[in-house]
1. Assigning unit charges at the beta carbon (Lys, Arg +1; Asp, Glu -1) and nothing else, what dipole magnitude in debye, to the nearest 20, does the chain show about its Cα centre?
2. Enumerate the residues in the stretch 162-177 having an amide nitrogen under 14 Å from the point lying 7 Å beyond the Cα of Gln144 toward its Cβ.
3. How far apart, in nm, are the 7 Å Cα→Cβ label points at Asp47 and Cys19?
4. On a C-alpha basis, how far is the centre of the stretch 70-122 from the centre of the stretch 5-37 in Å? Whole number, if you could?
5. Calculated from the structure, Rg and Dmax of the Cα atoms in Å equals which of (i) 27.1, 89; (ii) 18.1, 65; (iii) 16.6, 50?
6. So, R0 is 41 Å and r is the distance between the beta-carbons of Asp118 and Glu187; what FRET efficiency does that work out to, to 0.05?
7. Which one, Phe103, Phe46, Phe123, has the greatest fluctuation when you compute a Gaussian network model over the chain with C-alpha springs under 10 angstrom?
8. State, as an integer percentage, the relative contact order of the chain based on alpha-carbon contacts under 8 Å between residues 6 or more apart.
Amino acid sequence: MTGLEKILAQIKLDADNSCADIKKTTESQCADIIANAKAQAERIVFDGEKDAVCKYDEIILRAKSTADIESRSVILKTKQEIIASALNSAREYIYNLPDNEYFAVISKMVAKYSEDADGLISFSARDLARLPKDYDQELSKSAQGNLTIGTSPADIDGGFILTYGGIEVNCGLSSIFSAESERFSDEVAKLLFA
């Protein structure tokens, strides 16, 4: 099991536990709402039995409907928070990989995002400091064109920026996770809540 799979498994366990807690809480709230509705209905019955029966059914139906809507809203919000946390954990996981594994991921990203042209690749200050020796040779294998490693750090948290003739392609980790957030969120939701 990879580190990411372990993280996702732990997040799924946490999500299941959170959902169970939320369900328990909302069921308790439903019970309170229904108890209050019954008490209110009994007062109405005291004033007039025919009218009370109609109002009782109506109040119970509304209380159940309200509780159901609130429960679904809380569960949805919690799932969204869990997905956001999972995506942030995945980004941090990649960012904190050991240098050799991290730059193997970077090489795959370069293969995907580079163009068949001469360009400049810029890294963050942290990545420039931990750049493997002779990484330019690895880049020549991964890149579609010829990339020169920039000496000035880019203002990104991880990943890289490609520059071709004055046009920048931001392949920073935060940028990619942001751009792909909907697709990533769908994938994480399938893993966690399927």
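1. Here the size comes out at about 440 debye.
2. 162-164, 169
3. 4.3 nm
4. Going from one Cα centre to the other spans 28 Å.
5. (i)
6. Computed FRET efficiency for Asp118 and Glu187: 0.75.
7. Maximum fluctuation in the GNM of the chain, among the listed residues, is at Phe46.
8. On the way: 202 pairs, mean separation 39.6, N = 194.
After rounding, I find 20 percent.
Values quoted throughout were computed directly from the atomic coordinates according to the rules given, and no laboratory measurement underlies them. No experiment lies behind these values; they were computed from the predicted model shown. FYI the Cβ positions are ideal-geometry reconstructions off the backbone, even for glycines, and counts take in every protein chain you see.
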